[in-house]
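Worksheet: one structure, shown below.
Since every read-out is calculated from the coordinates, none of them should be taken as a lab result. Everything quoted here is computed from the prediction, not taken from an experiment. Every residue, glycine as well, gets a Cβ built from its backbone with ideal geometry; the counts of neighbours run over all protein chains shown.
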Amino acid sequence: MNNVFALLLSAVLPVAALAQPAVEPLKLNADNKLFCNAQTDFCVGIKTDGTFETNGPFATSRTLRAEQRLWDSPEVPNFSQFSVWPELIRLSEERALVGVIGPEQPEFKAETPFSGGGFTRRDLYLFDVSLGEQPGGNLVFIMPYSADASIRACFNDADQKKRGGHCSDIYDFKAALKPLPGKEYPDLQVTTKATRFPAGVSRHADSSAMPALTKAQLAPQADKQCSYTVTYTWQADRSVYEPASPLPDCGEFLQASPEEKK
């Protein structure tokens, strides 16, 4: 009977090992002013009031009594423009994928102003963090997290009348990430949603030359090409995540000055 039980247990354990990776929400902790999980054994913060060498994102563990600075890039942005990604993906007791959200590299511009509008983009920077016996933190994944562009579309009273008072073209992009079960370094599934308003406008065309807007155009239009789901897989030889399939060209949503499509 004991042998049968042991066989059954051994059959169950691999399934448990392949369980969904634990995604733990991080919330601002009133005591330490860091973003921590529910049991406060894993926290993430961004130091902005220190020196050139000490500023930037870091992770700390109360139970492991360890702390690890994360940003090791020679490009040092203004970290006050960054925020903590309010989740972590637990890999083990002492290891997790943690992230910060901030302007895209290498310029790290918070905003690109236009006449009567502007462009902003935020990227998710994901770090593989160990707070155990061999502490470390490596940047393993970067993805566009959110972007929006507002383009002025009215230049006189006639334009305003023709547009029914909707005098800006709005382009919006958002992404969400979740880990998939089955691997030590889980595959990361990214789902994006891109919209344009009014329907039919384009960053590559002069919208003031369009006919008067119809009622059907007065709702955000989903962009099929840039609303997609893609899986990123762990590349052990380079210690980074890469997309399993090519990404579409979404310059209209992700670039301040997108290149004309050919």
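Observations
- Just so you know, the Rg over Rh for the range 21-254 is 1.05, from Cα atoms, with Rh as the Kirkwood radius.
- Two-site FRET efficiency, ASN29 against HIS204, from Cβ-Cβ distance with R₀ of 35 Å, rounded to 0.05: 0.15
- Overall shape of the range 170-262 was characterised from the C-alpha gyration tensor. The equivalent ellipsoid obtained from it has semi-axes of 34, 15, 8 Å, in decreasing order.
- With the simple model of a label 7 Å out from the Cα in the direction of the Cβ, ASP249 to GLN221 spans 1.9 nm.
- Alpha carbon centroid spacing (whole Å) that separates the range 146-169 from the range 98-135: 29 Å
- The THR233 and LYS162 beta-carbon pair, evaluated with R₀ = 41 Å, returns a calculated FRET efficiency of approximately 0.25.
- Structure note, pairs LYS193/LYS224; LYS47/LYS178; LYS162/LYS215; LYS33/LYS178: Cα-Cα distances above 18 angstrom occur for LYS47/LYS178; LYS33/LYS178.
- C-alpha long axis of helix 2-17 to longest principal axis of the chain, angle in °: 30 degrees
- Around the Cα centre of the range 21-254, unit charges on the Cβ atoms of Lys, Arg, Asp and Glu (plus for the first two, minus for the last two) sum to a dipole of about 860 debye.
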